[in-house]
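Enquirer: This is the structure, below, for whatever I ask next.
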Amino acid sequence: MLIHPTLDKIERLRLAGMAKALSEQMQNQEMDSLSFEERLGLLIDRELTERDNRRLTTRLRIAKLRHQASLEDIDFKHPRGLDKSLVMGLSENQWIADHQNLLITGPTGAGKSYLACALGHKACRDGHAVLYQRLPRLLHDLAVSRHDGRYKKLMAALLRTDLLVMDDFGIVPVTAEGLRDLLEILEDRYDRRSTIVTSQVPVSRWHETLGDPTMADAILDRLVHNAHKIELKGESMRKIRSSVDKPKTL
């Protein structure tokens, strides 16, 4: 039987995974012992795996996560107030299905961004659309977009994202225009999408950090009340790892 015309037709049908698997089967004599149904099942499994991998690659590319982080690499042994059972519970992503938020606070270097990216990566793996943004840069981009016609498009993209990661909340003062944009984002996403916010500032001080009491009330009402909270403590993980990796001198 001439297999090449069949492979060409499979590829024309855009079944690249199946085509690769069939080529491999033809070179593996052990496959002769399998029934037609078994071999067909293996071909279909390979095609589904290839498609899932391509979709994941696309979701991760769009997400633009700051760190190549995974839950498996998180250090739960270091004493910094990180509850493993809570993180593992969040990794199941029911909170995303329920359109809840997550607030991660702690000092510089405590691992806030890494944890947020690890949860974002897991959400991508589970089929959710994710987008990482540093909040100061996001608000700047929105301000610029008002003048080049991209504002509505950017806001629509933020609304469509299942999980929006806003890193570095409170690191710089937010302008009045920025406060309005932040409120608009959270209003659009409230009870429809999920948001992770990371900050060096404790949640108890977010109201004063935002400055405008009226806007702060509205923003926090849409962000805090349906949120899970993780408060990291202790010494900077960057500093600890740097001291461990540093060559010892006599």
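Laboratory data are not the source of any read-out in this text; all were calculated from the coordinates shown. A quick note: this is a predicted structure, and the numbers were derived from the prediction, not measured. Because the Cβ atoms are built from the backbone with ideal geometry, glycine has one as well, and the counts that use them run over all protein chains shown.
Enquirer: Kyte-Doolittle cut-off -1.0, length cut-off 18 Å along the helix's own axis using Cα: show which whole DSSP H helices in the chain pass. Write down the numbers at each step before the final one.
Expert: Values: long enough: 36-63 (40 Å, -0.79); 112-125 (20 Å, 0.00); 135-148 (20 Å, -0.26); 176-189 (20 Å, -0.39).
Helix filter hits for the chain: 36-63, 112-125, 135-148, 176-189.
Enquirer: Moving to a separate point now. Say the cut-off is 31 Å between C-alpha atoms; which of 122/153; 84/152; 64/229; 20/153; 9/122 go over it?
Expert: Working: 122/153 26 Å; 84/152 39 Å; 64/229 23 Å; 20/153 39 Å; 9/122 36 Å.
Flagged as over cut-off: 84/152; 20/153; 9/122.
Enquirer: Taking Cα atoms of region 4-62, Rg/Rh with Kirkwood Rh, to two decimals? Let's see the in-between values first.
Expert: Values: Rg = 13.1 Å, Rh = 12.3 Å.
Using only Cα positions, Rg/Rh for region 4-62 is 1.06.
Enquirer: Here is a further query. Can you tally the net charge around residue 167? Count Lys and Arg as +1, Asp and Glu as -1, for every other residue whose Cβ sits under 12 Å from the Cβ of residue 167. Before the final figure, lay out each step's value.
Expert: Details: positive: 64, 66, 112, 134, 137; negative: 168.
Around residue 167, the charge tally is +4.
Enquirer: In nm, to one decimal, how far is the residue 221 label point from the residue 172 one, both placed 7 Å along Cα→Cβ?
Expert: Modelled inter-label distance: 2.9 nm.
Enquirer: On average over all directions, what projected area in square nanometres does region 157-229 have, based on the convex hull of its Cα atoms?
Expert: On the way: hull surface 18.1 nm².
Convex hull of Cα atoms, orientation-averaged projection: 4.5 nm².
Enquirer: Right, here's the next one. How would you classify region 52-134 from its alpha-carbon gyration tensor, with a ≥ b ≥ c the square roots of the eigenvalues: rounded for a/c under 1.5, else prolate if a/b is greater than b/c, otherwise oblate?
Expert: Values: a/c = 1.76, a/b = 1.49, b/c = 1.18.
The shape class here is prolate.
Enquirer: Let me ask something else about it. Principal axis extents for region 64-241, Cα atoms only, whole Å, descending order, please.
Expert: That gives 47, 35, 28 Å along the principal axes, largest extent first.
Enquirer: For residue 196, list long-range residues whose amide hydrogen, built 1.01 Å from N in the peptide plane, is under 5 Å from its own amide hydrogen.
Expert: Residues meeting the criterion, in which the H sits 1.01 Å from N, are 102, 164, 165, 166.
Enquirer: Still on this model: Residue 140 to residue 191: FRET efficiency via 1/(1 + (r/R0)^6), r the Cβ-Cβ distance, R0 41 Å, to the nearest 0.05? Working shown, then result.
Expert: Numbers: r = 27 Å, r/R0 = 0.67.
Working from the Cβ atoms, E equals 0.90.
Enquirer: Let me ask something additional. Quick one: length gained pulling residue 231 to residue 9 fully straight, 0.36 nm per residue minus the C-alpha distance?
Expert: Details: separation 222, 0.36 × 222 = 79.92 nm, distance 5.57 nm.
So the chain would gain 74.3 nm between residue 231 and residue 9.
Enquirer: Related question: From the phi angles alone, apply the Karplus equation (6.51, -1.76, 1.60; θ = phi - 60°) to region 197-203 and give each ³J(HN,Hα) in whole Hz, x where the residue is Gly or Pro.
Expert: Each residue's phi maps through the Karplus curve to give 10, 10, 7, 6, 8, x, 4 Hz.
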